[in-house]
Amino acid sequence: MTTLADPVPGGRPGDVQRATEFAAQLERQDVRGIVLSYVDTAGVGRVKTVPTARLPEAAAWGVGMSPVFDTFLADDSVVTTDVLGSPDGDLRLYPDLDALVVLAGQPGWAWAPVDRITQEGERHPGCSRTVLRRIVADAAERHGLTFKAAIEIEWSVGLGPAPEGEFVPAAPGPAYGAARQVELSDCTADLLAALAAEGVDVDQVHPEYAAGQFEVSVGALDPVAAADRSVLVRQTIRAVSRRHGLQVSFSPAVFATGVGNGGHIHLSCWRDGLNLHSGGNGRYGMTGEAESFLAGVLAHLPALTAVTAPSPASHLRLKPSQWAGVFTAWGRETREAGVRVVTGTLGRREESANLEVKPVDLAANPYLALGCVIAAGLDGIASATPLSEEITGDPARFGPPEAAARQVRRLPASLPEAVQEFRGDEVLRAALGPVLADAVTAVRLGEAAAVEGLDDAQVAAHYRWTY
Ligand code: GLU
Ligand code: MG
């Protein structure tokens, strides 16, 4: 379980001692530096690094970094809110030692996610990891609920740096094809070895639908650890691929058309060691609370997309009939519904039943995405929101009257529309707090403005190598 306590100046109790021991051990393993990692509001991973010997100092006093990155856009330009975006101020980045990992894809380096606090030792309201820790701690305190989560990772593998930022698939074989598995055999084997060395339990890895596209799914953890893991796995995929002369993209849409890269969230709610998505009297064994949690996620899904699908490139992916789940609908194992109910196989349902939220991609900050999905579900429980009827098949076939009768809505078709929904969603805004909620709005509108006038192919190219 992730430590839910905030960092404090001087270090969390016991951390300096632990960091001293870790540093000595890491140096014996020839680890020269530690990558201190977080994700900004736009979904871009940002880092500082310190020499291994400085780890105890970082655990005690943090490492400095400006808060300005909270309103960076994906192209590194800056927007502002009432609070963020100024060149003033500094924050302290505190590594979470429980999550420190030796990077198997980058010899000489270890990695740790950070929480960011102010120089006065207060929570930084723009820190997404802190926000998710708070949401998870509140859910345990107020509702007695814990969660298991995993984020699927889809990515596109291209040949080396291609001219003019083009994408040339490194594995052109057919979708889910044996040929493609052979084409990237060495790299994928190295990736599996690296992930195993990092303690990441991989469920499966396979060639996906689009040209050069692969997917890896990993074991479920508490939400903060699942978000950390999503960042770590992508860092590792990128590093291992580079050693094979390959270039990877996690962009939602490497091309303007066709199936994109998703980052589906799998999530289950638990109380007293019992999975609420199994063994209940509701549909497919869901308990009443699990049904309401799902109904809450669906009710907030249009606004959620401002957080889970945050890039103009996200909207190239979020199209009907491309398995991206662009409707407020649910179904058992239905891949065109916004939420797919996964019951698991007979005999394993108690441990494996969960929800898969599909309109999520890897431009999303995983801490914000998980935090907002959980907040939406908890609102469903608090309001005892009734769950709509299940759908089967592709909701794109419903005409307007049938869609309305079934409460099936198409998700926002553009980033400004998603922002409009998000602005009106008090539950999601409250979950993030006003500073971060305003940052989400400003960054999304900034991102939309950055690509104004570009056609879809140019939008895809603009973000192709950013994520
Ligand atoms: N690539 C699809 C997406 O954009 C998902 C494919 C699948 O269901 O695994 O979300
Ligand atoms: Mg997939």
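The values are calculated or read from the model by the stated rules, or taken from the named source; none is laboratory data. The structure presented is a predicted model; accordingly, all values stated were derived computationally and were not measured. Here the Cβ positions follow ideal geometry from the backbone for every residue, glycine too, while neighbour counts run over all protein chains shown.
Here are a few things to note about the model shown:
- Filtered residues of segment 321-344 (kept if away from ligand 2 (no atom under 16 Å from the Cβ), within 19 Å of Glu152 (Cα to Cα) and either in a loop (DSSP other than H, G, I, E, B) or at pLDDT below 95 (or both)): Thr343, Gly344
- When Ala290, Ala256, Ala324 are screened for being within 16 Å of ligand 1 (Cβ to nearest atom), more than 30 Å from Val102 (Cα to Cα) and out of contact with any Pro (no Cβ under 9 Å at 6 or more places or on another chain), only Ala256 passes.
- Looking only at segment 301-314, and only at residues there that are surrounded by 24 or more Cβ atoms within 10 Å (Cβ to Cβ) and more than 16 Å from the chain's Cα centre (by Cα), the one that is nearest to ligand 2 (Cβ to nearest atom): Pro312
- Sole exception among (1) away from ligand 2 (no atom under 16 Å from the Cβ); (2) within 25 Å of Ser388 (Cβ to Cβ) for Gly245, by number: (2)
- Number of positions in segment 145-165 that are outside any loop (DSSP other than H, G, I, E, B), under 14 Å from Glu356 (Cβ atoms) and out of contact with any helix residue (DSSP H, G or I) (no Cβ under 7 Å at 6 or more places or on another chain): 2
- Qualifying residue in segment 94-107 (condition: in contact (Cβ under 8 Å) with a residue 12 or more places away in the chain, aromatic (Phe, Trp, Tyr) and over 22 Å from Ala239 (Cβ atoms)): yes
- All positions within segment 86-128 that are in a strand (DSSP E or B), touching a helix residue (DSSP H, G or I) at 6+ places or on another chain (Cβ under 6 Å) and closer than 11 Å to Met65 by Cβ: Leu91
- Of all residues in segment 224-253 being among the small types (Gly, Ala, Ser), closer than 21 Å to Ala170 by Cα and within 16 Å of ligand 1 (Cβ to nearest atom), the one that is surrounded by the fewest Cβ atoms within 10 Å (Cβ to Cβ): Ser249
- Which numbered condition Glu120 misses (of (1) within 30 Å of Leu378 (Cβ to Cβ); (2) more than 16 Å from ligand 2 (Cβ to nearest atom); (3) among the charged types (D, E, K, R)): (1)
- For the criterion of being among the hydrophobic types (A, V, I, L, M, F, W, C), out of contact with any Leu (no Cβ under 9 Å at 6 or more places or on another chain) and modelled with pLDDT of 95 or more, Ala384 passes.
- The condition of being under 20 Å from the mean Cα position of the chain (by Cα), surrounded by 20 or more Cβ atoms within 10 Å (Cβ to Cβ) and at negative phi holds for only one of Arg92, Arg116, Arg46, Arg134, that being Arg116.
Each row is one residue, and each column tells you yes or no for (1) surrounded by fewer than 19 Cβ atoms within 10 Å (Cβ to Cβ); (2) of a type in the set (Val, Ile, Thr); (3) on the phi > 0 side of the Ramachandran plot; (4) modelled with pLDDT under 95.
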site	(1), (2), (3), (4)
Val419	no, yes, no, no
Leu436	no, no, no, no
Gly446	no, no, no, no
Gly453	yes, no, yes, no
Gln458	yes, no, no, no
Arg464	no, no, no, no
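- Residue match in segment 217-239 (condition: modelled with pLDDT of 95 or more, over 26 Å from Val131 (Cα atoms) and more than 16 Å from ligand 2 (Cβ to nearest atom)): yes
- Residues that are under 25 Å from Phe327 (Cβ atoms), within 20 Å of the chain's Cα centre (by Cα) and free of Cβ contacts under 8 Å to residues at least 60 places away in the same chain, drawn from segment 411-436: Arg429
- Scanning segment 257-282 for residues that are farther than 22 Å from Arg229 by Cα and within 16 Å of ligand 2 (Cβ to nearest atom) gives Gly258, Val259.
- Restricted to helices (runs of 4 or more DSSP H) entirely inside segment 387-467, those with at least 3 residues that are among the β-branched types (Val, Ile, Thr) are 434-450.
- Flag if Val357 is under 25 Å from Leu132 (Cα atoms), within 15 Å of ligand 1 (Cβ to nearest atom) and buried (at least 24 other Cβ atoms within 10 Å of the Cβ): yes
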